[in-house]
Amino acid sequence: MNVWTHLIGVLLTISRVIGFAIEFGVTDPKKWSLYAGLFTMTVMYMCSTFAHCFSNKSELVHYTGFMIDYAGIGLFGFGSVMLHYSYCIKDSMKGGMIDTYAIPIGIFLGWLVTFCNSVSKVRYTRPYPFTRKLWQLIPVASIYTFLILPILHRIYLYFFLNEPDPSIHDHIQQIIWFMFAGFFFGSDIPQRFFPGKFDFLGHSHQIFHICILFVTLNQLDAVYVDLHEMNISPYHATFMGSFGAVLLVLLGNIIIVLGFHMFVRFKILPERRQLHHNGKQH
């Protein structure tokens, strides 16, 4: 089921890409950030599908597959930074320090997500300590906090200054779904209270996947409205501010994954084989 929940995400994202391309075309530089962001979303779902599909092939494939999964999460985190700061940011926030440096900050945080989650994978073994969750949650929370700042600004303007905002409810829904996703990822509910009852269906990680799917769907609904209603930020309507930046995050994440792959292959797995061998001798 973990495979299918993300495979559905791949198919739904591709369908949205086709819909955006038909309506908006693909040649306008102001839409480069849109398609670059949609690319990162598609890659994230594909990486997670790969990880869950092939994780049982071998221990090395298991480690590498989930590090690829983390790389996809980091890449899409950056893609969301790009989408929100390109199409969802109010004029009153444009041109400020946060907006001006959104791309380099997003690139760094995208790398950080991949690195820290990979550390959590190779450093800890079952039973996992809570520290492992911190390695996973803190970088993800950091990039999400940064990418959601333009939306929080709009929520403030809408509720406290009564500024009209046609897409605000879609944005609020994506935030709510993300909070649900974080809860189910970190809580191990419901299987914590009913061991063995949700191993196949209803596991917290499956619910987490479904919540993330609704996050992305609501995000795209909001971006669609914003494309019609908002002024597109000029800071990101360039190749380096869109596809070039995505390629940079992708390259950095590939290097991180390869580094941890080599660490697992030549250090962790040989050490475990040696411990297993010594245990047999005793």
For the pairs Lys57/Lys133; Lys30/Lys133; Lys30/Lys121, note any where the Cα-Cα span goes beyond 31 Å. Lys30/Lys133; Lys30/Lys121
Just how far, in whole angstrom, is segment 159-183 from segment 108-135 if you go by their alpha carbon centroids? 29 Å
May I ask which residue of Leu75, His169, Asn117 lies farthest towards the positive end of the charge dipole of the chain, with charges of +1 (Lys, Arg) and -1 (Asp, Glu) on Cβ and the Cα centre as origin? Asn117
Count neighbours as other Cβ atoms within 10 Å of each site's Cβ, and list the chymotrypsin sites (Phe, Trp or Tyr not before Pro) in segment 52-147 that are DSSP loop with at most 16 such neighbours. Tyr101, Tyr124
Give the long-range amide H neighbours of Ser242: residues separated by 5 or more places, or on another chain, with amide H under 5 Å away, using H modelled in the peptide plane at 1.01 Å from N. none
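What number, rounded to the nearest 500 deg cm²/dmol, is the helix-based mean residue ellipticity at 222 nm of the chain, given -39500 (n - 2.57) per DSSP H run of at least four residues and division by all its residues?
-25500 deg cm²/dmol
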Charges on Cβ only, +1 for Lys and Arg, -1 for Asp and Glu, centred on the Cα centroid of the chain; of Gly186, Ile107, Leu38, which one is farthest towards the dipole's positive end? Gly186
Would you mind working out the magnitude of the charge dipole of the chain relative to its Cα centre, with +1 at each Lys and Arg C-beta and -1 at each Asp and Glu C-beta, to the nearest 20 Debye? 1400 debye
In a GNM of the chain with a 10 Å cut-off on Cα contacts, which of Pro195, Pro104, Pro127 has the highest mean-square fluctuation? Pro127
Using the Karplus equation 6.51 cos²θ - 1.76 cosθ + 1.60 (θ = phi - 60°), what ³J(HN,Hα) coupling, rounded to whole Hz, does each residue of segment 64-73 give in order, writing x for Gly and Pro? 5, x, 6, 5, 5, 4, 4, 4, x, 5
Gaussian network model of the chain, springs between alpha carbon atoms under 10 Å - residue of Gly65, Gly74, Gly95 with greatest fluctuation: Gly95
With the dipole of the chain worked out from charges on the C-beta (+1 for Lys and Arg, -1 for Asp and Glu) around the Cα centre, which of Leu248, Val26, Gly65 lies farthest toward the positive end? Gly65
Between exposed trypsin sites (Lys or Arg not before Pro) in the chain, where DSSP calls loop and at most 11 other Cβ atoms lie within 10 Å, what's the longest gap? 58-191
How large is the charge dipole for segment 1-132, taken about the Cα centre, if only the Cβ atoms of Lys, Arg (+1) and Asp, Glu (-1) carry charge, to the nearest 20 debye? 300 debye
Mind checking the dipole of segment 1-70: about its Cα centre, +1 per Lys or Arg Cβ, -1 per Asp or Glu Cβ, Debye to the nearest 20? 100 debye
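How high is the relative contact order of segment 23-182? Use alpha-carbon pairs under 8 Å, at least six apart in sequence, and give a whole percent.
Computed value for segment 23-182: 21 percent relative contact order.
For the ranges 43-52, 252-261, what's the packing order if you count other beta-carbon atoms within 10 Å of each residue, average per peptide, and put the highest first?
On the way: 43-52: 22.7, 252-261: 18.2.
The packing order, highest mean first, is 43-52, 252-261.
All of the numbers you see were taken from the coordinates with simple rules; none came from a lab. As the structure is a prediction and not an experimental result, all values here were calculated from the model. Ideal geometry is used to build each Cβ from the backbone, glycine not excepted, and the neighbour counts take in all protein chains shown.
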